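Scroll down for the structure; my scribbles are underneath it.
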Amino acid sequence: MVAEYDREREIWERLEQGRRTKAAQGGYVGYGSPAFGQRSLNGELVENPDEQQIIELIRRHHKSGKSLQQVADWLNQNGYLTKRGQQWQRISVKRVLDRLYGRTPRISGIEHSDES
């Protein structure tokens with residue numbers, strides 16, 4: 001039982017090290033689905049053109065003074081769905097805007113050092 005636990009931990013550590021290395025090189029490490037507006041192609045994050053158009057709509061409507069809820073309502077009334085095919089919620093719109101304006105890190109859990 002201890003040997004099985006050690007083996008599983010060793011596998012987990014190797015996978016985690018591989019993810020860290022890939023993330024450090026700018027690759028997509030596969031923690032959940034890519035953010036709205038992106039998709040994974042051959043292990044790299046690339047823009048999803050259809051979702052990028054929706055992001056632009058969100059940006060324009062929010063810049064025009066609409067609240068997050070008003071933007072979500074507009075998207076729903078016009079048949080736009082989230083990445084998972086759900087109706088838009090206020091928090092979903094906020095997350096898109098936070099990523100758009102750089103308020104949310106693209107990859108969480110990755111530390112950057114400033115070694116010069």
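The values are calculated or read from the model by the stated rules, or taken from the named source; none is laboratory data. Computed from a prediction, not measured in an experiment: that's the story for all the values here. Virtual Cβ from ideal backbone geometry, glycine too; neighbours counted across all protein chains shown. Note: accessible area is taken over every heavy atom of the protein model, side chains too, but ligands, DNA and RNA are not part of it. Shrake-Rupley method; radii C 1.70, N 1.55, O 1.52, S 1.80 Å.
Which residues, counting only those in segment 22-52, are surrounded by 12 or more Cβ atoms within 10 Å (Cβ to Cβ), at pLDDT 90 or above and in a helix (DSSP H, G or I)?
E51, Q52
From the set of residues in segment 1-21 that are closer than 30 Å to Y101 by Cα and open to solvent by less than 70 Å² (accessible area, probe 1.4 Å), which is modelled with the highest pLDDT?
Step one: list which residues in segment 1-21 are closer than 30 Å to Y101 by Cα, which gives 16-21.
This time we only want the ones that are open to solvent by less than 70 Å² (accessible area, probe 1.4 Å), so: 16, 18, 21.
Details: E16: 81, G18: 77, T21: 76.
Restricting to residues being closer than 30 Å to Y101 by Cα and open to solvent by less than 70 Å² (accessible area, probe 1.4 Å), the top hit is E16.
Any chance segment 95-107 includes a residue that's crowded, with 17+ Cβ neighbours inside 10 Å, touching a Leu at 6+ places or on another chain (Cβ under 7 Å) and either modelled with pLDDT of 95 or more or not in a helix (DSSP H, G or I) (or both)?
No: segment 95-107 contains no residue that is crowded, with 17+ Cβ neighbours inside 10 Å, touching a Leu at 6+ places or on another chain (Cβ under 7 Å) and either modelled with pLDDT of 95 or more or not in a helix (DSSP H, G or I) (or both).
Kindly list, by first and then second residue, each pair from a residue in segment 77-94 that is more than 15 Å from K66 (Cβ to Cβ) to a residue that is part of a loop (DSSP other than H, G, I, E, B) and of a type in the set (S, T, N, Q), limited to pairs with Cβ atoms under 8 Å and residues at least 6 apart or on different chains.
Note: pairs meeting the criteria are L81/Q87; K83/S33; R84/S33.
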